[in-house]
Amino acid sequence: MNKIGIDKINFFTPHLALNMKELAEARKEDPDKYLIGLGQEIMAVIPNTQDTISMAANAADKIINEDNRDKIKLIIFATESGVDNSKSAGVYIQRLLNLPPDIRVIELKEACYAATAGIQLAKDYLSNHSEEQVLLIASDIARYGLNTPGETTQGGGSVAMILKENPQIATISEETKYVSQDLMDFWRPLYSDIAYADGHYSTKVYLEFFKYLWKEFCKEYNENINDFKAMIFHLPFTKLGLKALRLALPTDNDDKKEQLLNDFECARLWNKQIGNLYTGSVYLSLISLLANSSDLHSNDAIGIYSYGSGAEGEFYKINLANNFKQDNFKAIKKMIDNRTIISVDEYEKIFNSTVTTEKNIQLDIDKDPAKFVFAGIKNEQRQYTKH
């Protein structure tokens, strides 16, 4: 059987951002608490003209063309920021991106883990539908509220990928370990547009899950840290991934330890500039690693630790393919670097302008430069358009 994996991948985040140093000063905190203690430098700010669907359309649009459009037969949309309790966000994407009608569309939810569940589902689906392709989208907005403990780990964006047989970027290994437990480290009730979290407990569970999965993975597959070129992590804040990596670093090989730490810095580079994007976080790390590391080669093994509060975790392996260095990585860097840095006052006004329970509202889309935008609500139906 041919290998199945990631053929194309892209990332989108809106054009606004907030400097974490300025937020720290406004909250009367030492900036190093955010910059070093959390490992966050800039936070993506999501205007009310963007939501999980419009961001997803902007991300996926760049990896869909006439060569693959009619081959996509399944859309998997992973999110914990859904806009409808019934209709899948992926159905909007099918229309906005002009995808064919003979297609299956589903939405997955399990906190920040759902995109990984989507990858494993796509792999199994493609093993029985070798001529088809899957569009997988991870799109979220992390909201905790102003002046809350979780405010510093907000952010948002969308990762989109095409999965297929004989992929260009990476193949997905059969080697995987996963675990689930009913825990209350993070939750968002249906009546709330912000999340609730027990931050210290969530950190504890995240690290315990990784420790367990790493140990079980190595035992079952007879592997160790020296078998991996790099390790990437779900990064609600980037210092947390570093704490997890330190649990696996070799104690008897300083060169290997240094190499893993260097590649981790490449992997968290863009997460430091975005903040948390929930389901897409670990896959932004993958993009950042591929774009910024100069020491990767075809067939290198990459370990991936995916975690979703509530709680579920998985550690699995991918191997890089021949064309893992994608042309669009430079465009992603340009998008991140060219955002407009706004003031704390502007950020707070935008945060409070988010559309939640309105039945009819028309939004000012002229200031949003993105191709796809959320234009408002008409008769309780969300309106999307493109510039």
Selection from region 361-387 of residues that are part of a loop (DSSP other than H, G, I, E, B), under 21 Å from residue 91 (Cα atoms) and touching a residue at least 40 places away in the same chain (Cβ under 8 Å): 370, 371
Options 174, 220; residue that is open to solvent by 70 Å² or more (accessible area, probe 1.4 Å) and assigned to a strand (DSSP E or B): 174
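Conditions (1) crowded, with 23+ Cβ neighbours inside 10 Å; (2) aliphatic (A, V, I, L, M), marked per residue:
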site	(1), (2)
167	yes, no
189	no, no
196	no, no
227	no, no
232	yes, yes
235	yes, yes
242	no, yes
Please go through region 123-151 and pick out each residue that is within 23 Å of residue 61 (Cα to Cα) and without any contact (Cβ under 8 Å) to a residue 60 or more places away in the chain. 125
Taking residue 358 as meeting all but one of (1) open to solvent by 50 Å² or more (accessible area, probe 1.4 Å); (2) modelled with pLDDT of 95 or more; (3) assigned to a loop (DSSP other than H, G, I, E, B); (4) not polar (S, T, N, Q), write down the number of the exception. (2)
Can you find a residue in region 306-317 that is out of contact with any Cys (no Cβ under 9 Å at 6 or more places or on another chain), farther than 30 Å from residue 174 by Cβ and in contact (Cβ under 8 Å) with a residue 60 or more places away in the chain? no
Do we have any residue at all in region 290-297 that's under 19 Å from the mean Cα position of the chain (by Cα), open to solvent by 30 Å² or more (accessible area, probe 1.4 Å) and of a type outside the set (Gly, Ala, Ser)? yes
Condition set in contact with an Asp or Glu (Cβ under 9 Å, 6 or more places away or on another chain) and of a type in the set (A, V, I, L, M), scope region 1-30, selection most open to solvent (accessible area, probe 1.4 Å): answer is 1
Looking across region 136-165 at residues that are open to solvent by 30 Å² or more (accessible area, probe 1.4 Å) and in contact with a helix residue (DSSP H, G or I) (Cβ under 7 Å, 6 or more places away or on another chain), the single one that is nearest to residue 211 (Cα to Cα) is 149
Within region 67-102, considering residues that are open to solvent by 60 Å² or more (accessible area, probe 1.4 Å) and more than 22 Å from the chain's Cα centre (by Cα), the one farthest from residue 187 (Cα to Cα): 67
Based on what the data block shows, is residue 51 under 17 Å from the mean Cα position of the chain (by Cα) and either more than 16 Å from residue 283 (Cα to Cα) or free of Cβ contacts under 8 Å to residues at least 60 places away in the same chain (or both)? yes
Out of region 117-133, which residues are open to solvent by less than 10 Å² (accessible area, probe 1.4 Å) and under 19 Å from the mean Cα position of the chain (by Cα)? 118, 119, 122
Of the residues in region 151-166, those that are touching a strand residue (DSSP E or B) at 6+ places or on another chain (Cβ under 7 Å) and either more than 26 Å from residue 89 (Cα to Cα) or in a strand (DSSP E or B) (or both) come to 155, 156, 157, 158, 159, 160, 161, 162, 163, 164, 165
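Looking only at residues in region 107-116 that are in contact with a strand residue (DSSP E or B) (Cβ under 6 Å, 6 or more places away or on another chain) and without any contact (Cβ under 8 Å) to a residue 60 or more places away in the chain, which one is most open to solvent (accessible area, probe 1.4 Å)?
Per the stated criteria, the residue is 107.
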Region 31-55 - residue that is touching a strand residue (DSSP E or B) at 6+ places or on another chain (Cβ under 7 Å) and of a type in the set (A, V, I, L, M) and, of those, surrounded by the fewest Cβ atoms within 10 Å (Cβ to Cβ): 42
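So, of the residues in region 1-38 that are assigned to a loop (DSSP other than H, G, I, E, B) and in contact with a Gly (Cβ under 8 Å, 6 or more places away or on another chain), which turns out to be farthest from residue 346 (Cα to Cα)?
Restricting to residues being assigned to a loop (DSSP other than H, G, I, E, B) and in contact with a Gly (Cβ under 8 Å, 6 or more places away or on another chain), the top hit is 13.
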Residue check: is residue 330 surrounded by fewer than 17 Cβ atoms within 10 Å (Cβ to Cβ) and either part of a loop (DSSP other than H, G, I, E, B) or within 15 Å of the chain's Cα centre (by Cα) (or both)? no
Those residues of region 291-323 which are out of contact with any strand residue (DSSP E or B) (no Cβ under 8 Å at 6 or more places or on another chain) and modelled with pLDDT of 95 or more, in sequence order: 291, 292
Kindly provide the set of residues from region 226-257 that are among the aliphatic types (A, V, I, L, M), more than 14 Å from residue 203 (Cβ to Cβ) and part of a helix (DSSP H, G or I), ordered by number. 245, 248
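The values are calculated or read from the model by the stated rules, or taken from the named source; none is laboratory data. All figures in this text were calculated on a predicted structure; none of them were measured in a lab. Glycine also receives a Cβ, built like all others from the backbone with ideal geometry; neighbour counts cover every protein chain displayed. For accessibility, only protein heavy atoms count, side chains too; no ligands or nucleic acids. Shrake-Rupley method; radii C 1.70, N 1.55, O 1.52, S 1.80 Å.
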